[in-house]
Structures are given as C-alpha cells and as structure tokens.
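Contents: one structure, followed by commentary.
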Amino acid sequence: MSLDANDVNKIAHLARLRIEEADVPGYAAQLSEILDLVEQMNAVDTRDVPPMAHPLDAVQRLRPDVVSETDQRDHFQTIAPQTEAGLYLVPKVIE
Amino acid sequence: MSLHEKTLAELAAGLRAREYRSEELTRHFLDRIAAHDGTLNSFITVTPERALEQARAADARIAAGETGPLLGVPIAHKDIFCTNGVRTSCGSKMLDKFVAPYDATVVEKLDAAGVVTLGKTNMDEFAMGSSNETSFYGPVRNPWDTERVPGGSSGGSAAAVAARLAPAATGTDTGGSIRQPAALCGISGIKPTYGRVSRYGMIAFASSLDQGGVFAQTAEDCGLLLGGMAGFDRRDSTSVDREVPDYLAGINEDIKGLKIGLPKEYFAEGLDAGVERTLRDALKVYESMGAELVEISLPNSGLSVPVYYVVAPAECSSNLSRMDGVRFGHRAADPRDLTDLYERSRGEGFGAEVKRRIMIGTYALSAGYYDAYYLKAQQLRRLIADDFKRAFEQVDVIMAPTTPGTAFKLGEKSDDPVSMYLSDIDTIAVNLAGVPGMTIPAGFADGLPVGLQLIGNYFDEARLLNVAHRYQQVTDWHKLAPAGF
C-alpha cells in the first residue's frame, strides 16, 4: 500500500490535522510502511469469523434514565481556552 | 536497610507498626526524586506540598488506630490519570496546561485508601510509543544504563520504581505499556484483565484495549496495590461487575503440578539469544518447584502487531477528536475560521507519532475502507483470543518473553516507526485477547534486565501473582537495584 502527498493531505484534512508542507513526504513514506505491515492481515481467510469488539463480548449496560450528574459547567469552563457567559467561544461560523 | 530499599508491603507494615511516619517516608522519596530525577526525567510533575499534606492526613488516620493495607504509602501516578487540581499532561503539548477538573477512579480509590501521591510520571505522548521518546517533556532514561530507553509508554513509572524513587507506581497497558517498560527496567508489573480496573479519568487511547495496572518491586506489591485499584465502576461502561478477590490470600500457595505453557511462536527466531538463555534458566527454577513445562502453540500470534496497528490507531483517531482547541487543551493563536482553529490547534498540539496514528486510524475508518481494515482486524482479533482460550484448556499459565531483546539505545528506533512497533511483538496479543499479563525480573543479558512474561486466563490475576511470588521467594533478581541511585 502506497500513499502519496495527495492522500496524506486528504487524510490530514479528514482528521483536522495541520501537516506542514515539508513534512508531507515523510509522513507519506512512514504511513505507507505502516500500511504494508498491516497488509499482513490479508494472509488469513476470515470469512464467517464474527468480529470481536470487546474481549469479554460484553454488551452496553443500561441504567434508569434519571439525573446522575450535577451541573459543573463553571468548574469545567475554568480550563477552557476562551469562554463568555457560560459559552465556549470559537471563530464566527455564520456570516 | 534504607527506606527506599523496602518493598511496598514492608513500608505499609512499618507504618502500621509506627516505626516511621508517612511524612518521614514521603520526605525520603521526595528527596530522592529531587536528587536523582534530573538524570532520569521520570517525573513530569512532582507535587511535594500535596504529598506532605496527604502524608500528614495518613499519619493522623494511623494515630487514630486505622490499619488500611495501603495507608500512608507513597506512590506515583502515570500522567495519564486525571488528578483533580494537578496538571495532567498525558505527555503532550496539547495538555501541557490541562489541570484536570476531577479525579480518575483509580486516583480516587487510592486517595481514599490513604495512599500518598508523590507526583505524575513521564510517558510517551498519549501513551503512544515503546521508548518514552515521544513525550513532549523529553525522554526518560533507563536507570540501568542512562544511554538506553526505559521502554514505554509508562517509561517514567518504570524508571522511577526501578531507581527506587517511588516504591510503586500506576501505569496503563494498551499494547504492552506496563509489561515492556517493567521488563526493560528490571521490575515487576501487571496488566489485569480488560475491565478489571476502571478507565474513568484515564485519558483514552484505544478504549477496547486500554487497561490500568501497577509497577512495583515484587509480585506481592503488585497484588497489594492492584487490590486497592480494581473493581466495578459504573462510570466506565466496560468495567466488569465482578467481585475483586483478595490478591494476597493465596499468594504463597504451592505451585507443584502447575502446568506452564510455552508458546513456540514466542521462543522463535527474533528472540535475542541472551534473553532466551536467561528465560530458560528461569523456567528451570519453575521446574525445580514442581511445575510442568508444556510446549503449546498460539498460531495467530504473528498477526497481533498488524491487527493492533489497525485497532489502536482507529480507536485513537476517534478518542483524540475531543482535543479540538475549544473546550480544553492547546488552542492555536488567531484562528482564521473554525477549521483553521481545529487544524492548527491539533497540528501544533500533537507530536509526530500521535499524528501518524491518528492518520492511520482516520484512513482505516474512512468511507470504503472499514471492512478491509477495522472489520478484518476485529475478525483476526477473535482468532487471536481463541488461541488463548484453547491454550488455557491445556495449561494453567503461559510463560513467554516480555520483550524480544533488552533495552535499546535512545534514538535507535525513533526514526523507524515499524521497527519500534515490532518491539512490542510479545505483549500485544494479550491486550487483543483481553487476558491478564505480568512481567517479573528473571535475570540479566549483557548487564541489562530481562523480563519473564506470565499470561493468565481471564480474571486469573491471583494465580499470576501467586506464580510470580513463588519465583521471587527462591530468587533475588527483583531485589537488585541499579547502581548510582
């Protein structure tokens, strides 16, 4: 599996990750090597093998739909980069 | 015998017998950290005031007649566990200024038991690495040879315990991050069954693999601390609701007749000759104690590294999407628009290895590729787990190398991700299957520590600790500490 610069830029955008132009060829080479390693999976036929999502095949626990957490907005927002009036601030998204 | 040479169990007993106070003990370890951590870099944050405050509180509880098994002993937490009011960086620039607003369950339980926290240990960024070189705070050095890596990702915890800067420490193990550094630093470490220790407040890397555990000098100490950490937690959706046994109750039991499986795939090409010799000697010790060695096969072992490098990156790409520069963590200056804010905050906040894994995971999960990568990996994961299930119908425990070689030099593998990934070849299958694994020091090869890996059936931690403890009753590798610290 070989990824080129275009692939890396596309994946980086999907992951919302800025990659410096100069670093793109290095990532392309390294990601290609990692995918080559991963390709070894194809040596085994896995038809009819049920996928394993959880080591103990546990399912999601349910609980009664009642309030279990208290409001800690102010406490949690003390570590936010930018807030105002209890809101998280981001650059304008609607003109 | 100096206080730092004692085991956690001995220190706890000494506190109960009022031979010394927790404050004195805590000062002793804080002094050692101040004296030696300039060389090792095993801590990201040391919290002396907080530690002394906790120590005095423990002393008051002891004076009032309390006798908890962990009351007043100092430990260190891997900097992946959220600690309320204390920076929790996860080894990343992204969280360099992140002061956790709550405690991880592990921290909360140990605090309640009266454990003193000395500080937060260094680690590979977001636990992604096998050498501790991906940390934003610089590499940790192996106390046995400071030109070498301590292993990773919990390299700080391993180095701190090995150099006796802390009697024990917490860690996490997603693909070997407790067992590999414990082996390379010559100490004991255990990764319990998936779901045994709560993941709440343990910063998520690969949620179907991550499991908290312990570093200590001895198996007994591992059991002691694990007993204080394990248990059901409703705040972790994959926590297992099952009683925690007393890990020390049967630790002395005779192991005569124990069936030990030796997977031939682990004692094969690629295993360093010196490491193999050391492990064969350790296995002879088990034979002399009446255990029976049985060759077994885990035929799909060879697939564990490729499978892991789909499952772990896929899950990390999803988990790390919460680092967006909006609610917490690093935020880029003067963002042009929202996309620019996300992309630059993440581009500046994450190091190269984290970026690689996020990109691999994003690619593997992108439209059209899911079946070929993530689904395929989950199917192979089932085959790997089935190998272990079959093996445990035949044997009681499995023994294998923890690592294919001893500690490598700083910089030796840092430019070659795939070669770094292959250094975890002996530990990854255990995480994929979800079974418990531990490592104990079994000797030296070329002057560097060698770890013997013990793998157990689901929830068989007590047996692993018993089998490890019996070995430590007749050998003294676990008592050897590196010179100069």
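The values are calculated or read from the model by the stated rules, or taken from the named source; none is laboratory data. Keep in mind it's a predicted model, so treat the numbers as computed, not measured. We place every Cβ from the backbone using ideal geometry, glycine too, and count neighbours over all the protein chains shown. Ligands, DNA and RNA are stripped out before the accessible areas are found, and what is left, the full protein with its side chains, is counted by its heavy atoms. Shrake-Rupley method; radii C 1.70, N 1.55, O 1.52, S 1.80 Å.
List of remarks:
- Chain pair B, A: total accessible area buried, heavy atoms, 1.4 Å probe, Å²: 5300
- A straight chain from B:Glu49 to B:Arg327 at 0.36 nm per residue would run longer than the Cα-Cα distance by 97.2 nm.
- Sites B:Ala273 and B:Glu66, calculated FRET efficiency, Cβ-Cβ separation with R0 45 Å, nearest 0.05: 0.30
- Sum of side-chain charges, B:His330 neighbourhood, beta-carbon under 11 Å (Lys, Arg +1; Asp, Glu -1): +2
- Taking label points 7 Å from Cα along the Cα-to-Cβ direction, A:His13 and B:Glu24 give a separation of 6.7 nm.
- With a cut-off of 9 Å between beta carbons, the residues surrounding B:Glu147 carry a summed charge of +2, where Lys and Arg count +1 and Asp and Glu -1.
- Overall, the ratio between the Cα radius of gyration of the stretch B:3-254 and 2.2 N^0.38 Å, rounded to two decimals, is 0.91.
- Other residues lying with their Cβ under 14 Å from the Cβ of B:Pro69 contribute a combined charge of -2, Lys and Arg counting +1, Asp and Glu -1.
- Here the stretch A:32-95 and the stretch B:300-365 have alpha carbon centers that stand 12 Å from each other.
- A Förster radius of 41 Å combined with the Cβ-Cβ distance from B:Val99 to B:Asp31 puts the calculated FRET efficiency at roughly 0.95.
- In the stretch B:3-254, Cα pairs under 8 Å separated by at least six residues give a relative contact order of 18 percent.
- In a reduced charge model with +1 at each Lys and Arg Cβ and -1 at each Asp and Glu Cβ, the protein assembly as shown shows a dipole moment near 820 debye about its Cα centre.
- Under-5 Å amide H pairs with B:Val115, H placed in peptide plane, nonlocal only: B:Gly72
- Chain B - Kirkwood radius from inverse mean 1/r over Cα pairs (Å): 22.1
- In this Cβ point-charge picture (+1 for Lys and Arg, -1 for Asp and Glu), the stretch B:3-254 has a dipole of about 400 debye about its Cα centre.
- Overall dimensions of the stretch B:273-361 by Cα: Rg and Dmax, Å: 23.0, 70
- The apolar share of the surface of the stretch B:302-395, taken as the fraction of accessible area on carbon and sulfur atoms (1.4 Å probe, ligands and nucleic acids excluded), comes to 48 percent.
- One equal scatterer on each Cα of the protein assembly as shown, no solvent, Debye formula: the resulting log10 I(q)/I(0) at q = 0.07, 0.09, 0.11 Å⁻¹ is -0.38, -0.65, -0.99.
- Backbone geometry of the stretch A:77-86 corresponds, through the Karplus equation with coefficients 6.51, -1.76 and 1.60 at θ = phi - 60°, to 3J(HN,Hα) couplings of 7, 5, 9, 7, x, 8, 9, 7, 6, x Hz, x marking Gly and Pro.
- Reachable lysines, given that their alpha-carbon falls under 19 Å from the alpha-carbon of B:Lys264 and they are not under 8 places away in the same chain: B:Lys284, B:Lys389
- Hz values of 3J(HN,Hα) by residue in the stretch B:65-82 - Karplus curve (6.51, -1.76, 1.60), Gly and Pro given as x: x, 6, 9, x, x, 10, 4, x, 7, x, 9, 10, 9, 4, 6, 9, 8, 5
- Heavy-atom accessible area per residue - the protein assembly as shown, 1.4 Å, Å²: 38
- Label zone of B:Thr475 (point 7 Å out along Cα→Cβ, amide N under 14 Å): in the stretch B:249-277 this covers B:275-277.
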